[in-house]
Amino acid sequence: MLAMMFRLVASTLILSLLSPLCAQRTLASLQQQFIAESRRLAGGEPTAEQRQQLLAQQVDVLRKFVADEAAGDDRWNGRLMLADLLLARGDRPGAGAALRTIDAAAAPALLLVTAATMAQHLDLRELRADWVRAAQQKAAPLPDRLAMARLLMTVLHEIEAGEKVFAEALAAAGDDEQRAFVRWHRADALRDREDLPDNAGFEELEKLAKDLPATYWGSVARDRVRATQLELGADAIGFRAKLLGGGEIELGALTGKTVVLAFWSLADHDTPGLMATLQQLRKAHGERLAVIGICLDREPAAIQHAVKELGIDFPVIGDGKGAQNDVALRWFVEGPALHVIDAKGKVRGLGLHTGTADGRTEFTELIEQLTKA
């Protein structure tokens, strides 16, 4: 479970740190290659040995990429990813050795804090402390500093250091929008604090929504709190968003149709089957059914490639913000899920899936029922 946690944290932060490079390949493209390879293998019911062979192959490819091709921040992001893959193989010494090749003087502050979380897991205490100190002394964009504060407060359990970053950012905020942005991220971090009640983060979101309702993040806080209280039959949470490839879509404009909000990810092995199911339903129900795909990945080029590869012909929201995209934030969705809204704008299905026969049957029967109503 810990190795999986690091893969999720590292992949998210690695992609958010990528900068334009002149190398033939980038770490982002390599990650998408690895995802595609893993998906193809999963489709054939692989043995444990086959999975280990693929992982070993990917380690070799990544090690060569880091040594011969990586440029810019990919040099350090690649080493962090290499350590993560080695940890997944159970090679703790190898993971530690890969981490030690990260140059604290050259690597971005957020990457150092992320690497420190892995060093902590590997019990490399001195390295962890050195990286946290080095990161705190580096300049970093506000979003990176807030992400650092979150890791300090939650994974690294340096609560005072994390709160200091949030306090400094709030004091430096120049207007209500910036203040709301900082307060949003602090509230979101509080919900992952093990030393606080489960509702601590949501109480902060409620305060934000009340104090700064006219700001973007105040409105997101309001909707996110409501999303935690959604029940079947409740009004759907409205949104307007830009589409991949241009144009906009507004949920309210789809009144009169059954609507599926399909939150999906490239790394989810159920995605090809989900897309096939959605295409079949659209073909069967025509204009009575509208599907909106909300991609939770962080690489727009990879999203565009997947849309083409999977033959997706319904509107897709794929801005590369991952679970921080507007619709996912407002509906409080952080992983693949299907929400269904009826023709009157009422919620009729929450957190559905098509990854099992029973799940697929439940979902398709609901769509059949609503489109015939």
Could you check, for the range 322-343, whether at least one of its residues is assigned to a helix (DSSP H, G or I), of a type outside the set (K, R), at positive phi and touching a residue at least 60 places away in the same chain (Cβ under 8 Å)?
yes
What do you reckon, is A328 buried (at least 20 other Cβ atoms within 10 Å of the Cβ), touching a Leu at 6+ places or on another chain (Cβ under 7 Å), under 30 Å from Y216 (Cβ atoms) and at pLDDT below 95?
no
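Being assigned to a strand (DSSP E or B), of a type in the set (A, V, I, L, M) and out of contact with any Leu (no Cβ under 7 Å at 6 or more places or on another chain) is true for just one of A214, A241, A209, A189. Which residue is that?
Numbers: A214 fails: assigned to a strand (DSSP E or B); A209 fails: assigned to a strand (DSSP E or B); A189 fails: assigned to a strand (DSSP E or B).
Only one candidate passes the filter, namely A241.
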Going through the range 339-356 in order, the residues found to be closer than 17 Å to H269 by Cβ and either modelled with pLDDT under 95 or β-branched (V, I, T) (or both) are T354, G355, T356
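Kindly indicate the residue of the range 80-129 that is acidic (D, E) and in a helix (DSSP H, G or I) and also surrounded by the most Cβ atoms within 10 Å (Cβ to Cβ) among those meeting that condition.
Taking the range 80-129 and keeping what is acidic (D, E), we get 84, 91, 103, 123, 126.
Filter once more, keeping what is in a helix (DSSP H, G or I): 84, 126.
On the way: D84: 24, E126: 8.
Top of the filtered list is D84.
Residues are listed down the side, and each one gets a yes or a no for (1) under 15 Å from L370 (Cα atoms); (2) hydrophobic (A, V, I, L, M, F, W, C):
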{"position": "G245", "(1), (2)": "no, no"}
{"position": "T258", "(1), (2)": "yes, no"}
{"position": "S265", "(1), (2)": "no, no"}
{"position": "D270", "(1), (2)": "no, no"}
{"position": "K283", "(1), (2)": "no, no"}
{"position": "R288", "(1), (2)": "yes, no"}
{"position": "L296", "(1), (2)": "no, yes"}
Tell me whether the range 268-283 contains one or more residues that are hydrophobic (A, V, I, L, M, F, W, C), buried (at least 20 other Cβ atoms within 10 Å of the Cβ) and not in a helix (DSSP H, G or I).
no
Which of (1) surrounded by 16 or more Cβ atoms within 10 Å (Cβ to Cβ); (2) of a type in the set (S, T, N, Q); (3) not assigned by TED's automatic domain parsing to the domain that holds R150 is the odd one out, the single condition T255 does not satisfy?
(1)
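The values are calculated or read from the model by the stated rules, or taken from the named source; none is laboratory data. Everything numeric here is computed off the predicted structure, so don't read it as measured data. Please note: Cβ atoms are built from the backbone with ideal geometry, for glycine as well, and neighbour counts cover all protein chains shown.
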